């Protein structure tokens with residue numbers, strides 16, 4: 001990898017079109033390709049290189065990474081036009097992110113870096129004790145990955161850094177998909193500590209980084225309402241909601257998922273936490289299972305539906321919204337009178353009002369009334385950049401039904 005600790009005069013300039021600098025000047029971290037004077041020199045720049053952003057009057061806007069190919073062409077790293085983007089810069093950003101997490105949590109299991117909100121655009125890092133799992137999703141951060149590796153080793157000295165660089169968004173940046181390890185190899189699942197429980201995650205083969213820290217607070221809220229109750233957890237994955245509810249005193253907990261491997265991890269977690277006797281795991285499709293339960297008159301006191309993203313792109317929007325409405329309708333049908341439904345969506349293309357409308361229409365379809373006890377998002381280790389509200393992708397509602 002070419003060293004990127006260039007002095008400022010060496011950085012090429014990217015000029016914005018007249019009048020297109022206002023969002024950036026106010027604090028937005030993205031510059032879109034249609035806002036840039038995309039001349040031949042700009043188009044010829046290598047993807048991910050550092051540039052100095054200037055407005056049409058040549059006033060500086062900051063230092064950014066630049067890729068001429070995707071819609072989001074530039075991502076601002078620093079508003080200081082003289083900033084040197086080198087190992088010390090990346091290390092300082094990592095230390096700042098760590099300080100926030102250490103003020104939030106007493107154990108080293110959390111999302112350490114959440115992209116733009118932590119000043120490291122295109123980068124996700126989840127920490128599992130002495131293992132860090134990183135997702136590098138932009139060409140700019142890919143070019144800085146050597147600095148990132150050195151920074152993590154300097155700040156945390158992890159035994160293993162797993163680069164889980166296999167997300168589809170890398171295709172938009174012209175990046176190959178890969179999984180690589182720095183440090184000790186990972187042999188099988190690793191331990192996760194959350195809400196007083198111990199769980200299993202598989203960073204190499206599981207979804208995303210192997211665990212979803214974003215639902216931490218929602219799991220705790222669901223668990224607090226589950227004491228003495230019968231709980232159903234759909235799209236359970238490795239048992240985060242289900243096992244946490246069992247630990248909080250649920251009388252019985254049923255986990256449902258299409259992945260037998262994920263359910264096996266959930267079953268192991270139930271046993272490890274001493275709640276295996278009231279935990280069952282069933283493989284199956286959530287829609288089919290919910291339909292069968294509703295037809296049979298089966299009910300649960302607490303029902304959790306935490307599906308994968310139904311709207312992965314704008315073209316999926318209408319079909320995805322119909323899917324959410326159907327899912328939430330079926331789930332509401334199996335909630336016992338006075339019971340609780342927790343409904344969630346992780347589709348960032350679905351904004352909170354649209355999500356709330358899908359839930360509301362689903363309840364209307366069932367003819368049931370209720371009350372929203374809590375509307376929520378992701379846990380605070382998933383901060384949202386003030387100028388990127390759409391990155392607050394997780395939506396959840398806890399509803400008590402009459």
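The values are calculated or read from the model by the stated rules, or taken from the named source; none is laboratory data. Everything numeric here is computed off the predicted structure, so don't read it as measured data. Here the Cβ positions follow ideal geometry from the backbone for every residue, glycine too, while neighbour counts run over all protein chains shown.
Structural remarks
- Of the residues examined, residue 164 is one that is in the same structural domain as residue 102 (by TED's automatic domain parsing), outside any loop (DSSP other than H, G, I, E, B) and out of contact with any helix residue (DSSP H, G or I) (no Cβ under 6 Å at 6 or more places or on another chain).
Table: residues versus (1) part of a loop (DSSP other than H, G, I, E, B); (2) surrounded by fewer than 19 Cβ atoms within 10 Å (Cβ to Cβ); (3) on the phi < 0 side of the Ramachandran plot; (4) out of contact with any strand residue (DSSP E or B) (no Cβ under 6 Å at 6 or more places or on another chain).
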{"site": "19", "(1), (2), (3), (4)": "yes, yes, no, yes"}
{"site": "23", "(1), (2), (3), (4)": "no, yes, yes, yes"}
{"site": "46", "(1), (2), (3), (4)": "yes, yes, yes, yes"}
{"site": "80", "(1), (2), (3), (4)": "yes, yes, yes, yes"}
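- Residue 98 being outside the structural domain of residue 388 (by TED's automatic domain parsing), part of a loop (DSSP other than H, G, I, E, B) and either at pLDDT below 95 or within 21 Å of the chain's Cα centre (by Cα) (or both): no
- Test: residue 349 is part of a loop (DSSP other than H, G, I, E, B), assigned by TED's automatic domain parsing to the domain that holds residue 296 and touching a strand residue (DSSP E or B) at 6+ places or on another chain (Cβ under 7 Å): no
- Residue 196 being more than 19 Å from residue 341 (Cβ to Cβ) and touching a strand residue (DSSP E or B) at 6+ places or on another chain (Cβ under 7 Å): no
- Residue satisfying condition, being on the phi > 0 side of the Ramachandran plot, assigned by TED's automatic domain parsing to the domain that holds residue 373 and touching a strand residue (DSSP E or B) at 6+ places or on another chain (Cβ under 6 Å), within set 274, 228, 239: 239
- Hey, residue 63 within 15 Å of residue 140 (Cβ to Cβ), modelled with pLDDT of 95 or more and touching a helix residue (DSSP H, G or I) at 6+ places or on another chain (Cβ under 7 Å) or not: no
- Only listed residue being surrounded by fewer than 21 Cβ atoms within 10 Å (Cβ to Cβ), touching a residue at least 60 places away in the same chain (Cβ under 8 Å) and farther than 26 Å from residue 379 by Cα, chosen from 150, 139: 150
- Close pairs (7 angstrom Cβ cut-off, 6 or more residues apart or separate chains): in the same structural domain as residue 174 (by TED's automatic domain parsing) in the range 41-57, surrounded by 13 or more Cβ atoms within 10 Å (Cβ to Cβ) and modelled with pLDDT of 95 or more anywhere: none
- Residues of the range 240-257 satisfying the condition of being surrounded by fewer than 16 Cβ atoms within 10 Å (Cβ to Cβ) and touching a residue at least 24 places away in the same chain (Cβ under 8 Å): 251
- For the range 48-76, a tally of residues being within 31 Å of the chain's Cα centre (by Cα) and assigned to a loop (DSSP other than H, G, I, E, B) returns 6.
- Within the range 176-228, tally of residues that are in a strand (DSSP E or B) and surrounded by 19 or more Cβ atoms within 10 Å (Cβ to Cβ): 7
- Qualifying residues in the range 101-123 (those that are in contact (Cβ under 8 Å) with a residue 24 or more places away in the chain, part of a loop (DSSP other than H, G, I, E, B) and in contact with a strand residue (DSSP E or B) (Cβ under 8 Å, 6 or more places away or on another chain)) - the one surrounded by the most Cβ atoms within 10 Å (Cβ to Cβ): 120
- Members of the range 348-376 found to be within 21 Å of residue 221 (Cα to Cα) and touching a residue at least 40 places away in the same chain (Cβ under 8 Å), listed by number: 352, 355, 356, 359, 374, 376
- The set of residues from the range 267-306 being crowded, with 19+ Cβ neighbours inside 10 Å and touching a helix residue (DSSP H, G or I) at 6+ places or on another chain (Cβ under 6 Å) comprises 269, 270, 275, 279, 281, 290, 303, 304, 305.
- Of all residues in the range 363-378 being surrounded by 17 or more Cβ atoms within 10 Å (Cβ to Cβ) and out of contact with any strand residue (DSSP E or B) (no Cβ under 8 Å at 6 or more places or on another chain), the one that is farthest from residue 122 (Cα to Cα): 366
- Taking every residue in the range 279-297 that is free of Cβ contacts under 8 Å to residues at least 24 places away in the same chain and pairing it with any residue that is crowded, with 17+ Cβ neighbours inside 10 Å, at least 6 positions away or on another chain, the pairs with Cβ-Cβ distances below 9 Å are 297/334.
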